[in-house]
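Below you'll find the structure, written out as structure tokens, and then a few comments.
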Amino acid sequence: MALKALVLVRTGKDEEAFELCEQVKKTIPTDEATLQAVTMSLKELGKHSAIVELYENAANQQPKNEEFGNHWFMAMVRNNDFKGQQAAAVKLHRTFKQNKYLFWAIMSLALQGASGNQLSYVLAERMMAKAMEENRLEEVEHMRLYLLILMDQKKSEQALNLLLDTPLGQKSLRDPEVRQINSELLRENKRWDLALAMSQEALETENADDWFHWLAYFEAMDALIEQDGIIANAEKLVANSQKAVLESKVLKRGPFLAELDLDSRLYKIGKRDEKVLLEHIVSYFTRFGSKNCAFEDLQSYISILSSDKAQSLVESLKQTIQPATEKPAKIKNVHKNVNIRKLERFLGLYATFDKKQALATVSELWNEYQEALPLGEDLEKTEMQYGDEFVILASHVMLDLYRQEHQTSFLIQAICLLETALVKSIHNFQIKLVLVRLYAMIGVYTRPFEIYETMDIKQIQFDTILHYFTDRFASLGCVDKLETLLYDGLSIYKSNEVETPEMLVKAYQFGTFSKIQEFIEFRRRLDTSLQHAISRAEILRLDYIHSSFQTKYAVQFFQEQNVSEIAYSDAFITARSDNRDFKVFLNCNAQNKPTAEQTCKPFASTNATWLQVISYILNILSIVSETKEGGRDLSALVAGLKVLLEQEDTKTQITEPEYSLARYVSDLANALVLVKASSDATPFLKSATDILDNQANKVDEFSKETLSWDIFHQLSTCLEAFNYGSLLIEIMNRSLGLTSKDAKRKAAEKAKTDLLMASFIDLQETVKKSMQRIQTIARNGKDLFRVQLQKQICKEISDSEDTLPCLKTHDLQRLMQNHVKAMISSWNLSASQISEEIDRRVQKL
């Protein structure tokens with residue numbers, strides 16, 4: 001039976017497999033083969049609590065079997081049962097007298113302390129103190145565990161004394177990570193002289209490139225700044241370190257970056273002349289300006305400069321570039337130029353408000369990219385061209401112009417430049433991310449999904465990067481393709497359930513206590529992932545589109561769905577961990593401006609507010625579709641949504657159409673609650689009617705001038721309002737007894753004198769008119785997005801004064817025509833898919 005369960009798991013029959021495992025568990029097996037087979041099945045099913053019971057029973061049957069006891073403990077590790085772990089570890093220690101079980105118990109107590117049980121910390125500390133008295137602490141990891149317990153309780157002085165005054169503490173200081181902990185404890189305890197000396201020794205005798213110790217040294221220096229000679233000593237350390245690395249085979253950046261950090265700190269307190277800082281920045285750039293990290297290194301030091309000094313600095317940096325004839329030197333000059341261009345943008349020296357000047361800058365960047373191309377002729381396909389970032393910067397300037405002028409042609413030109421560069425650097429993920437966002441902004445989904453296929457996103461990237469390819473794409477009608485991506489992304493959360501617990505098990509087995517909290521935090525962040533919650537809500541929304549073309553199927557859909565996972569409470573939403581990586585997107589914008597990532601998307605990314613609003617809506621629809629009372633309170637849920645929509649932040653965190661959609665659902669749901677209570681729902685029905693009418697009238701017509709995500713979003717959100725509203729209206733029909741043609745005819749007659757019935761019929765008429773309006777817009781969009789539009793767009797761009805000279809060349813003209821053709825094909829697909837869904841519903845009205 002155990003092996004059969006494993007086969008069922010591997011063939012996707014999870015429920016049958018779990019039933020078999022439960023049957024085996026009831027027999028209380030103690031043979032190793034059966035236990036292993038059932039454990040493997042339960043692990044893959046994510047049923048860690050069942051594994052706990054399995055081995056607890058086996059351990060109770062054979063209390064002297066150490067292996068069963070170990071398995072029982074590890075089963076609770078997988079299940080995050082810290083208290084159970086402690087009990088099992090104590091039992092193992094009493095029975096088998098091994099030190100490792102004592103430390104397992106102490107670690108389990110420490111984890112309970114980290115979860116809020118302060119008494120557990122006290123007990124763990126006492127047990128560690130006793131273990132130290134009995135000389136049980138033998139390894140560095142034992143010391144790390146003791147330090148962890150003390151530091152979590154903010155007992156930094158005791159932790160420091162433990163390190164400095166015990167033999168094991170001194171032995172542990174050979175470990176680099178422990179030395180960093182020692183440095184942190186010295187600074188927390190304001191032992192500045194010792195902190196300074198320790199960092200100086202590390203930098204002089206171990207690694208002059210160790211940035212941790214440079215920062216620790218300067219923090220201690222800041223605290224002792226009034227002491228005589230402290231600045232001179234710091235300058236001497238920097239100078240000696242620079243001399244040492246200049247004489248070594250590898251030139252390290254650390255001492256030279258430390259010089260800038262020292263200058264910056266002294267400049268801020270009036271003890272360093274700005275001229276010295278500028279000279280050292282130029283000197284640093286001369287040595288390291290050809291490294292990719294030079295821009296990031298210099299950002300914090302140049303941000304304090306005034307605009308006139310910034311311009312002067314850039315000119316000085318340009319003078320460090322010497323004419324070159326050898327290829328390696330030429331490549332270094334390209335990298336220096338790239339970094340100077342980044343610094344110019346960061347310092348706000350690109351005057352994008354002047355359209356001609358901005359376009360001239362883009363042309364310069366493109367020319368510099370072209371000049372760098374011959375240097376990369378021998379590069380492997382997997383490598384990136386040396387001048388790729390010139391093109392990315394050019395696209396950022398074009399994006400600025402689009403935001404300023406609201407002309408789609410600027411986005412199309414930026415896309416053409418990036419697509420051209422991508423041909424030469426097929427693995428440049430930065431170009432791909434910018435392209436995906438620009439395509440989204442103009443309402444194109446086909447190309448981003450093609451790019452997704454080339455990205456080889458895997459493992460944790462599904463949680464951190466997938467949002468670039470899924471966020472806000474639902475508005476473009478690409479239901480099936482988007483669902484595929486979202487289901488791809490769910491794999492990491494399944495892996496987290498199965499694989500991360502095994503990392504914790506290994507940490508206990510090898511006694512690496514210092515890593516256990518990291519693994520638990522990693523597991524927690526994935527367990528509470530905001531992206532995971534957004535993906536589940538999106539999948540349910542997309543599935544509903546398929547089922548909501550007729551009301552009876554819409555009701556049936558929610559009757560068959562388990563919406564309990566789509567939680568909406570403040571506690572659930574607040575606990576979500578946003579692990580999405582927005583910083584991977586190249587940003588050279590000035591500090592006082594939005595980042596490139598923030599500006600390069602159609603609207604702010606979906607967030608916790610968006611999730612809560614959608615979750616409320618889906619749960620409301622689920623409750624009203626119930627045939628039997630499920631114990632959920634509709635009126636409380638409706639009131640909760642109303643309160644959320646009245647909060648100040650809500651309106652700014654979601655789009656205007658999404659806010660109108662939520663208000664529409666809220667008013668209809670409030671009306672339904674009142675209808676069921678035989679109360680007057682007229683005000684809510686009238687409000688819902690006005691919202692729907694207003695939303696439908698705001699949907700813009702497709703035209704050459706309005707080619708953007710916004711139009712598709714307005715259209716699809718209006719359709720979504722119909723999908724949700726039709727279900728609520730149907731339930732209201734049933735509550736009002738309007739389930740037959742005769743009943744509806746009588747209601748129409750009654751409407752002449754009954755305000756409730758009049759407003760209800762008016763609502764349904766508005767629904768019909770709204771659908772007919774967006775049906776016309778969608779059909780007109782289909783007619784617009786044809787081959788002749790390609791010629792019009794390309795001609796207008798080619799003839800415009802605002803077109804880059806490079807895009808008027810024959811090769812790039814042809815390239816632009818191909819890309820515009822692909823865009824029109826995608827727009828046509830979106831309009832057709834949305835139009836088809838609208839037609840299906842209008843037919844049933």
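Brief remarks follow.
- The stretch 136-208 holds helices (runs of 4 or more DSSP H) entirely within its bounds, and those carrying 2 or more residues that are under 23 Å from residue 510 (Cα atoms) map to 140-152, 167-172, 176-188.
- Matching helices (runs of 4 or more DSSP H) fully within the stretch 729-811 where at least 3 residues are in contact (Cβ under 8 Å) with a residue 24 or more places away in the chain: 755-784, 787-799
- From 85, 98, residue being out of contact with any strand residue (DSSP E or B) (no Cβ under 8 Å at 6 or more places or on another chain) and under 21 Å from residue 517 (Cα atoms): 85
- Within the stretch 325-347, residues that are farther than 12 Å from residue 290 by Cα and in contact (Cβ under 8 Å) with a residue 12 or more places away in the chain sit with their Cβ atoms under 6 Å from residues that are in a helix (DSSP H, G or I) and among the β-branched types (Val, Ile, Thr), at 6+ positions apart or across chains, in these pairs: 344/314.
- Lone unmet requirement of (1) in contact (Cβ under 8 Å) with a residue 12 or more places away in the chain; (2) assigned to a helix (DSSP H, G or I); (3) within 20 Å of residue 499 (Cα to Cα) for residue 80: (2)
- Of all the criteria given as (1) in contact (Cβ under 8 Å) with a residue 60 or more places away in the chain; (2) among the acidic types (Asp, Glu); (3) surrounded by 15 or more Cβ atoms within 10 Å (Cβ to Cβ), the one not satisfied by residue 177 is (3).
- Qualifying residue in the stretch 11-18 (condition: within 22 Å of residue 497 (Cα to Cα) and crowded, with 21+ Cβ neighbours inside 10 Å): yes
- Checking each residue of the stretch 40-48 against the condition of being at pLDDT below 90, surrounded by 19 or more Cβ atoms within 10 Å (Cβ to Cβ), over 33 Å from the mean Cα position of the chain (by Cα) and closer than 24 Å to residue 6 by Cα gives no match.
- Among the residues of the stretch 156-168, the one identified as of a type in the set (D, E, K, R) and free of Cβ contacts under 8 Å to residues at least 24 places away in the same chain is 165.
- Inclusion of residue 305 among residues that are in a loop (DSSP other than H, G, I, E, B), out of contact with any Leu (no Cβ under 6 Å at 6 or more places or on another chain) and either more than 23 Å from residue 386 (Cβ to Cβ) or of a type in the set (Ser, Thr, Tyr) (or both) is warranted.
- Residue match in the stretch 225-242 (condition: under 25 Å from residue 191 (Cβ atoms), in contact with an Asp or Glu (Cβ under 8 Å, 6 or more places away or on another chain), among the hydrophobic types (A, V, I, L, M, F, W, C) and outside any helix (DSSP H, G or I)): no
- Residue within the stretch 317-326 that is touching a Lys or Arg at 6+ places or on another chain (Cβ under 7 Å), surrounded by 13 or more Cβ atoms within 10 Å (Cβ to Cβ) and not in a loop (DSSP other than H, G, I, E, B) present: no
- Residue within the stretch 661-676 that is in contact (Cβ under 8 Å) with a residue 24 or more places away in the chain and farther than 19 Å from residue 637 by Cβ present: no
- Highlighted here are the helices (runs of 4 or more DSSP H) found entirely within the stretch 587-705 that include at least 2 residues which are farther than 27 Å from residue 542 by Cβ and in contact with a helix residue (DSSP H, G or I) (Cβ under 7 Å, 6 or more places away or on another chain): 596-599, 656-676, 682-698.
- The single condition among (1) in contact with a Phe, Trp or Tyr (Cβ under 7 Å, 6 or more places away or on another chain); (2) part of a loop (DSSP other than H, G, I, E, B); (3) of a type outside the set (A, V, I, L, M) that residue 108 does not satisfy is (2).
- Residues that are without any contact (Cβ under 8 Å) to a residue 12 or more places away in the chain and closer than 30 Å to residue 403 by Cβ, drawn from the stretch 555-591: 587
- Flag for residue 356 being within 31 Å of the chain's Cα centre (by Cα) and loosely packed, with under 14 Cβ neighbours inside 10 Å: no
- Among residues of the stretch 499-519, those that are farther than 23 Å from residue 489 by Cβ, under 25 Å from the mean Cα position of the chain (by Cα) and not acidic (Asp, Glu), counted: 4
- Residue within the stretch 120-143 that is surrounded by 15 or more Cβ atoms within 10 Å (Cβ to Cβ) and under 20 Å from residue 49 (Cα atoms) present: no
- Screening residue 115 on (1) hydroxyl-bearing (Ser, Thr, Tyr); (2) touching a His at 6+ places or on another chain (Cβ under 9 Å); (3) at pLDDT below 95 shows it passes everything except condition (2).
- Test: residue in the stretch 196-215 that is in contact (Cβ under 8 Å) with a residue 24 or more places away in the chain, under 30 Å from residue 151 (Cα atoms), surrounded by 15 or more Cβ atoms within 10 Å (Cβ to Cβ) and of a type in the set (Asp, Glu): yes
- Residue in the stretch 50-69 that is part of a helix (DSSP H, G or I) and of a type in the set (Ser, Thr, Tyr) present: yes
- Every residue from the stretch 95-108 that is free of Cβ contacts under 8 Å to residues at least 40 places away in the same chain and either of a type outside the set (S, T, N, Q) or within 14 Å of residue 508 (Cβ to Cβ) (or both): 96, 97, 98, 99, 101, 102, 105, 108
- Residues in the stretch 703-714 that are buried (at least 21 other Cβ atoms within 10 Å of the Cβ) and farther than 17 Å from residue 690 by Cα: 707, 709, 711, 712, 713.
- Residue in the stretch 361-370 that is under 28 Å from residue 709 (Cβ atoms), free of Cβ contacts under 8 Å to residues at least 12 places away in the same chain and more than 25 Å from the chain's Cα centre (by Cα) present: no
- Residues of the stretch 540-574 that are surrounded by 17 or more Cβ atoms within 10 Å (Cβ to Cβ) and closer than 27 Å to residue 647 by Cα: 540, 541, 563, 566, 567, 568, 573.
The values are calculated or read from the model by the stated rules, or taken from the named source; none is laboratory data. This is a predicted model, so every value here is computed, not measured. Every residue, glycine as well, gets a Cβ built from its backbone with ideal geometry; the counts of neighbours run over all protein chains shown.
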